[in-house]
Ligand code: FCB
């Protein structure tokens, strides 16, 4: 195959120990929603409801990873990607969310783990990437304090069955996104709304994160334990004190609310007064159970947001000015392409003393790809990745810690409420035939990693 030279970046510049990988999530790729005893998840239910997903798309087949995982693992190897991040579907392991265990679900993930290891690819498991068992949602889902015990029991099953071979674990994926979109705005599963649902979910998810991490630590003493946060560089629209204050509140909400309790700093209530309402749900020992000494923190950064003050928006008094309104280059998600955001986010999180190690566990872009003569020339995605890697190098040069980079994502997949139109993959998927085609970005990454 011809070399795909489009930049002067070289893997060696990042150091020998730098971790390279690709990230996925069960619901976005697996399909097979009720095969081999799997229970329904909140996303199975949400996608079956009218008007929730763009173009009425659903994830009944998605990328058919449930059946064609071997083919995709072969592709990961072909791309020279040494680390694969995937999530476990809780309702595959425990169909109703609590015992009994579904042995077929355990067997499925065992096959994936074994196949990865025999291909020389290191497995990285995310325990929760948004697909809560629906039966638990019927009992209130994350708004129910019992969710902490449900989740703990599920984590114990996973570490018991997979912990002999898997050392890299991430407890929860992007708590701010799934609690915000799923329990406050209602635009993601389970479609709940309102400040009470949101704050309860926030507190229980935070408790579940540390409870889950402790269980991993107890079962697998040499585990490499992390959890992942969505983070966005925030800037005020103007230098007026109103906009600066509004930007600070949005920054607190999007970047600080979930990590600070985990680092032992408590909820940042002083900078976002609505968080004081959390006190109604904090009981007894909670404050002692909110923190955990993670081996690494996964940061997932795609863009920046520009913020102006707005009296119309409750609780936060701020509004995001869209990339479209600002007339800047953006992706199919409407997210501004702004690579320096990654540098800024690294700088921000490096300033926390309690963080031992930072890995970029997601970064990537959705662009409208076209398959022509068996090729996808997605040069914008290639440049997006290269430009973000340049920011990592700049951060390293400035002495900021960053130890790995995982591209989102391997194949085009089911992008939640956006359906299949937002294509993020290094590999193109024809969703009618399940045909895979490595895109230019994938070929570049392969060369880069060789
Ligand atoms: C992140 C999610 C991931 C994917 C990317 C584009 O917020 O963790 O599942 O949807 O965004």
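A few comments on the model shown:
- Elements of type strands (runs of 3 or more DSSP E) contained in segment 359-450, each with 1 or more residues being over 23 Å from the mean Cα position of the chain (by Cα): 427-430, 435-438
- Number of the condition not met by residue 187 [criteria: (1) in a loop (DSSP other than H, G, I, E, B); (2) closer than 27 Å to residue 359 by Cβ; (3) within 16 Å of the ligand (Cβ to nearest atom)]: (2)
- Only one of 392, 385, 358, 379 that is over 24 Å from residue 188 (Cβ atoms) and within 16 Å of the ligand (Cβ to nearest atom): 385
- Filter result for residue 267 (without any contact (Cβ under 8 Å) to a residue 40 or more places away in the chain and part of a helix (DSSP H, G or I)): no
For every residue, the table says whether it meets (1) surrounded by fewer than 21 Cβ atoms within 10 Å (Cβ to Cβ); (2) at pLDDT 95 or above; (3) farther than 26 Å from residue 120 by Cβ; (4) more than 16 Å from the ligand (Cβ to nearest atom).
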site: 144; (1), (2), (3), (4): yes, yes, yes, yes
site: 155; (1), (2), (3), (4): no, yes, yes, yes
site: 161; (1), (2), (3), (4): yes, yes, no, yes
site: 177; (1), (2), (3), (4): yes, yes, yes, no
site: 204; (1), (2), (3), (4): no, yes, yes, yes
site: 218; (1), (2), (3), (4): yes, yes, yes, yes
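- Evaluating residue 365 against the criteria (1) away from the ligand (no atom under 16 Å from the Cβ); (2) in contact (Cβ under 8 Å) with a residue 60 or more places away in the chain leaves one unmet condition, (1).
- Condition check for residue 32: over 30 Å from residue 396 (Cβ atoms) and surrounded by 14 or more Cβ atoms within 10 Å (Cβ to Cβ): yes
- Any hit, segment 41-59, residues being more than 16 Å from the ligand (Cβ to nearest atom), over 29 Å from residue 132 (Cβ atoms) and either in contact with a helix residue (DSSP H, G or I) (Cβ under 8 Å, 6 or more places away or on another chain) or assigned to a loop (DSSP other than H, G, I, E, B) (or both): no
- Residues that are more than 16 Å from the ligand (Cβ to nearest atom) and either outside any helix (DSSP H, G or I) or in contact with a helix residue (DSSP H, G or I) (Cβ under 6 Å, 6 or more places away or on another chain) (or both), drawn from segment 341-355: 343, 346, 351, 352, 353, 354, 355
The values are calculated or read from the model by the stated rules, or taken from the named source; none is laboratory data. Remember, it's a predicted structure, so these values are computed and weren't measured experimentally. Every residue, glycine among them, receives a Cβ derived from its backbone with ideal geometry; neighbour counts consider all protein chains shown.
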